[in-house]
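K.L.:
Attaching a single structure in structure tokens format; questions to follow.
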Amino acid sequence: MTSLATMASVIEAASPGLVTVSMRRAGDLGPSGLLAMLRDQGVRLLPNTAGCLSAREAVLTARLAREALDTSLVKLEVIGDERSLLPDVVGLLSAAAELVADGFTVLPYTTADPVVAARLADLGCAAVMPLGSPIGSGQGITDPAAIERVRAAVAIPVVLDAGIGTASDAALAMELGCDAVLAATAITRAEQPVAMARSLRLAVEAGRLAYGAGRIPRQTTARASSPLAGRAVL
């Protein structure tokens, strides 16, 4: 996905609640740039600290984003390893504490660890964003039970972040109890980004409905769905 026009069509198809923007990649702040297009679409912006390798760098980037975009929302990322792009949990907790104290609404990208999620909630984060699998990998949710444990550990919203590859991954995230999903690579690298965006929106809706409906328990044996009463005896 290379053009702003395509991106605008993707946003219309996906109807997202938030659109995350990397301050390192936002580009031109002028009337013909990315941010202008996003504002024309009427979306709510969520600046992120993508690429920050320390708590100090992430805090500085968040403060710059607040000044540039006039929002206290921040998707907090503190990367611990440039190859795997996994979070630095120690740095994340430190940066989250500082930003919450500074009046930010913090949504941290974190590991699928219920203990870390609970600590972030205790610090005052507005949500937690556990990864389903490494960023950009398209592997989906490699450990569904871990996401369920995160969901059970916190009362704040859980947003599945990283690893979404297709619509079924998004539906599963919602069925596990997530409140939302973040999708980027799944759309931008799809053969038809607009169609993928629409499919993800529908999958999120379906998954949330399924979660609310309550799935039947899994069991190891068959259970007839038709009654045996009235069966002919031969």
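K.L.:
Is region 118-125 home to any residue that is among the acidic types (Asp, Glu), more than 28 Å from Leu34 (Cβ to Cβ) and more than 16 Å from the chain's Cα centre (by Cα)?
P.N.:
First, the residues of region 118-125 that are among the acidic types (Asp, Glu): 122.
Keeping just the survivors that are more than 28 Å from Leu34 (Cβ to Cβ) gives 122.
Now narrow it down to the ones that are more than 16 Å from the chain's Cα centre (by Cα): 122.
Yes, there is a match, as at least one residue in region 118-125 is among the acidic types (Asp, Glu), more than 28 Å from Leu34 (Cβ to Cβ) and more than 16 Å from the chain's Cα centre (by Cα).
K.L.:
Looking only at region 156-172, which residues are among the hydrophobic types (A, V, I, L, M, F, W, C), over 11 Å from Met129 (Cβ atoms) and within 12 Å of the chain's Cα centre (by Cα)?
P.N.:
Listed by number, the residues that qualify are Ile164, Ala170.
K.L.:
Touching a Ser or Thr at 6+ places or on another chain (Cβ under 6 Å), of a type outside the set (Ser, Thr, Tyr), buried (at least 16 other Cβ atoms within 10 Å of the Cβ) and free of Cβ contacts under 8 Å to residues at least 40 places away in the same chain: is that true of Val100 in this structure? Break it down into steps so the answer makes sense when it comes.
P.N.:
On the way: touching a Ser or Thr at 6+ places or on another chain (Cβ under 6 Å): no; of a type outside the set (Ser, Thr, Tyr): yes; buried (at least 16 other Cβ atoms within 10 Å of the Cβ): yes; free of Cβ contacts under 8 Å to residues at least 40 places away in the same chain: yes.
For Val100, the condition - touching a Ser or Thr at 6+ places or on another chain (Cβ under 6 Å), of a type outside the set (Ser, Thr, Tyr), buried (at least 16 other Cβ atoms within 10 Å of the Cβ) and free of Cβ contacts under 8 Å to residues at least 40 places away in the same chain - is not met.
K.L.:
While we're on this one: Has region 176-188 got any residue that is under 18 Å from Pro16 (Cα atoms), out of contact with any Asp or Glu (no Cβ under 8 Å at 6 or more places or on another chain) and among the polar types (S, T, N, Q)?
P.N.:
Yes, region 176-188 has at least one match.
K.L.:
Taking region 143-181 only, how many residues are of a type in the set (A, V, I, L, M) and touching a Lys or Arg at 6+ places or on another chain (Cβ under 8 Å)? Write out each step before concluding.
P.N.:
Applying the first criterion (of a type in the set (A, V, I, L, M)) to region 143-181 yields 145-147, 150, 152-156, 158-160, 162, 164, 167, 170-174, 176, 180-181.
From what is left, the residues that are touching a Lys or Arg at 6+ places or on another chain (Cβ under 8 Å) are 158, 174, 176.
Counting residues in region 143-181 that are of a type in the set (A, V, I, L, M) and touching a Lys or Arg at 6+ places or on another chain (Cβ under 8 Å) gives 3.
K.L.:
Counting just the residues of region 62-90 that are in a helix (DSSP H, G or I) and more than 20 Å from the chain's Cα centre (by Cα), which one comes out surrounded by the most Cβ atoms within 10 Å (Cβ to Cβ)?
P.N.:
Leu69
K.L.:
Turning to a different aspect of this structure: For region 135-170, how many residues are touching a residue at least 12 places away in the same chain (Cβ under 8 Å) and over 16 Å from Thr188 (Cβ atoms)?
P.N.:
Residues of region 135-170 that are touching a residue at least 12 places away in the same chain (Cβ under 8 Å), as a first pass: 135-144, 146-170.
Now restrict to residues that are over 16 Å from Thr188 (Cβ atoms): 139-144, 146-160, 168.
Of the residues in region 135-170, 22 are touching a residue at least 12 places away in the same chain (Cβ under 8 Å) and over 16 Å from Thr188 (Cβ atoms).
K.L.:
In region 36-57, what residues are assigned to a helix (DSSP H, G or I), touching a helix residue (DSSP H, G or I) at 6+ places or on another chain (Cβ under 7 Å) and either surrounded by 19 or more Cβ atoms within 10 Å (Cβ to Cβ) or β-branched (Val, Ile, Thr) (or both)?
P.N.:
Once the filter is applied, which keeps residues that are assigned to a helix (DSSP H, G or I), touching a helix residue (DSSP H, G or I) at 6+ places or on another chain (Cβ under 7 Å) and either surrounded by 19 or more Cβ atoms within 10 Å (Cβ to Cβ) or β-branched (Val, Ile, Thr) (or both), region 36-57 yields only Ala55.
K.L.:
Restricting to region 103-142, what's the tally of residues that are in contact with a helix residue (DSSP H, G or I) (Cβ under 9 Å, 6 or more places away or on another chain) and among the charged types (D, E, K, R)?
P.N.:
Number satisfying all stated conditions: 2.
K.L.:
Can you tell me which condition Ala13 does not meet? The list is (1) touching a residue at least 40 places away in the same chain (Cβ under 8 Å); (2) farther than 29 Å from Arg198 by Cβ; (3) of a type in the set (Gly, Ala, Ser); (4) touching a helix residue (DSSP H, G or I) at 6+ places or on another chain (Cβ under 9 Å), and all the others hold.
P.N.:
Tallying (1) touching a residue at least 40 places away in the same chain (Cβ under 8 Å); (2) farther than 29 Å from Arg198 by Cβ; (3) of a type in the set (Gly, Ala, Ser); (4) touching a helix residue (DSSP H, G or I) at 6+ places or on another chain (Cβ under 9 Å), Ala13 fails exactly one: (2).
K.L.:
Please state which one of Arg215, Arg198 is exposed (fewer than 14 other Cβ atoms within 10 Å of the Cβ) and either modelled with pLDDT under 95 or in a helix (DSSP H, G or I) (or both). First the steps, then the outcome.
P.N.:
Working: Arg198 fails: exposed (fewer than 14 other Cβ atoms within 10 Å of the Cβ).
From the options Arg215, Arg198, the qualifying one is Arg215.
K.L.:
Might you check whether a residue that is modelled with pLDDT under 85 and either under 26 Å from Pro134 (Cα atoms) or among the small types (Gly, Ala, Ser) (or both) occurs anywhere in region 64-78?
P.N.:
Our first condition is that a residue be modelled with pLDDT under 85; within region 64-78, this holds for none.
No, region 64-78 contains no residue that is modelled with pLDDT under 85 and either under 26 Å from Pro134 (Cα atoms) or among the small types (Gly, Ala, Ser) (or both).
K.L.:
Please give the strands (runs of 3 or more DSSP E) falling wholly within region 99-189 in which 2 or more residues are of a type in the set (Val, Ile, Thr) and farther than 23 Å from Arg83 by Cα.
P.N.:
By residue number, 105-110.
K.L.:
Let me ask something additional. State all residues of region 1-35 that are more than 17 Å from Pro47 (Cα to Cα), of a type in the set (Gly, Ala, Ser) and either outside any loop (DSSP other than H, G, I, E, B) or at pLDDT 75 or above (or both); if no residue qualifies, say none.
P.N.:
Listed by number, the residues that qualify are Ser3, Ala5, Ala8, Ser9, Ala13, Ala14, Ser15.
The values are calculated or read from the model by the stated rules, or taken from the named source; none is laboratory data. If you're wondering where the values come from, they're calculated on a predicted model, not measured in any experiment. For neighbour counting, all protein chains shown are included, and Cβ atoms are generated from backbone atoms with ideal geometry for every residue, glycine included.
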